[in-house]
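The values are calculated or read from the model by the stated rules, or taken from the named source; none is laboratory data. Nothing here was measured: the structure is a model prediction, and the numbers come from that model. As a convention, Cβ positions derive from the backbone with ideal geometry for all residues, glycine included, and neighbour counts pool all protein chains shown.
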Amino acid sequence: MQFVSSTKVAPDRTDVPRHVAIIMDGNGRWAKRQHLPRFAGHKKGVEAVRAAVQACVDRGIAYLTLFAFSSENWRRPAEEVALLMELFTGALTSEVSKLHKNGIRLRIVGDISRFDRRIQTLITDAESLTATNTRLTLSIAANYGGRWDILQAMSRMIASRPRDAAEAFSEQDLAPYLSMSYAPEPDLFIRTGGEQRVSNFLLWQLAYTELYFTDMLWPDFGPVALDEAIEWYRARERRFGRTSEQLQAERESDVVSEDRAASPFMQSGIDA
Ligand code: IPE
Ligand code: IPE
Ligand code: MG
């Protein structure tokens, strides 16, 4: 299924966001506060991931995307990178069957060619095992960068075109090659840890996403914090370029047509 971009058609309003994308930041600072080494923060962060996945399932959120390792995170000290790879391998080994039992489809987005062979195989196996699950699509962004995503999509799009094609490219031409083409664009973006930046996450896909920032550190983030973010999201007026008045008029005409549908006259075929 191909999803239409928010810049082309404004999506329907839903109370619960269909797609939540999270930058899970603050593991290191959490550990520092507890006088623990950084890796203790990353371990605790994995527990918060489990809780977030469950909370999204419980709330009927269809897509959850988590930024686990950015294309710039290779710049960290070698021991920390090695530990993060170990945690990733561990999760791919021990969590996948649980995800599968719970009807969760797992996708890894990012340039996985930079990971070692073992991780690449675990990724392919996990994705194929869970491919037909429909309860929640959990995407883990690993060695992901928003610029990498746009460039890889453009390269593949250009390669698939006949050499003499004359027309300019459109958004819809590019869309199928983006690494998250299987998901609608995020409705709600959450960044924990207090920074108000996107850090090369989903640059293309966040065009009309509501951006929520919280000082809470990722290991402390749980269902209550998620509900607060969703509450905040519900209070947004998503205009997608239109005016408030236009949205108000649309809502009023929806109410009128709902009243009409509920009218007994309509059911008996007599026009009210
Ligand atoms: C986020 O937490 C996890 C990763 C980037 C892998 P950090 O490790 O960035 O934590 P802080 O920002 O140093 O507190
Ligand atoms: C963003 O966090 C990436 C992930 C959470 C995986 P960082 O901690 O790496 O972001 P910056 O470097 O502070 O922007
Ligand atoms: Mg950080």
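A few comments on the model shown:
- Some residue of segment 162-178 being touching a Ser or Thr at 6+ places or on another chain (Cβ under 9 Å) and hydrophobic (A, V, I, L, M, F, W, C): yes
- On inspection, ALA229 does not qualify as among the small types (Gly, Ala, Ser), within 25 Å of the chain's Cα centre (by Cα), surrounded by fewer than 17 Cβ atoms within 10 Å (Cβ to Cβ) and under 30 Å from ALA175 (Cα atoms).
- Those residues of segment 221-242 which are among the aromatic types (Phe, Trp, Tyr) and in a loop (DSSP other than H, G, I, E, B), in sequence order: PHE221, PHE240
- ALA10 fulfils the conditions (1) in the same structural domain as PRO219 (by TED's automatic domain parsing); (2) away from ligand 2 (no atom under 16 Å from the Cβ); (3) aliphatic (A, V, I, L, M) except for a single criterion, (1).
- Qualifying residue in segment 32-52 (condition: assigned by TED's automatic domain parsing to the domain that holds ILE112, over 10 Å from PRO219 (Cα atoms), away from ligand 1 (no atom under 12 Å from the Cβ) and among the charged types (D, E, K, R)): yes
- Exactly one residue out of ASP25, ASP58 is at pLDDT 95 or above, of a type in the set (Asp, Glu) and surrounded by 14 or more Cβ atoms within 10 Å (Cβ to Cβ): that is ASP25.
- Test: GLY28 is free of Cβ contacts under 8 Å to residues at least 60 places away in the same chain and either farther than 26 Å from GLY194 by Cα or part of a loop (DSSP other than H, G, I, E, B) (or both): no
- Segment 92-133, residues that are among the hydroxyl-bearing types (Ser, Thr, Tyr) and over 19 Å from the mean Cα position of the chain (by Cα): THR93, SER94, SER97, SER113, THR121, THR124, SER128
- Set side by side, the residues VAL9, VAL96 differ, and just one is exposed (fewer than 13 other Cβ atoms within 10 Å of the Cβ) and of a type in the set (A, V, I, L, M, F, W, C), which is VAL9.
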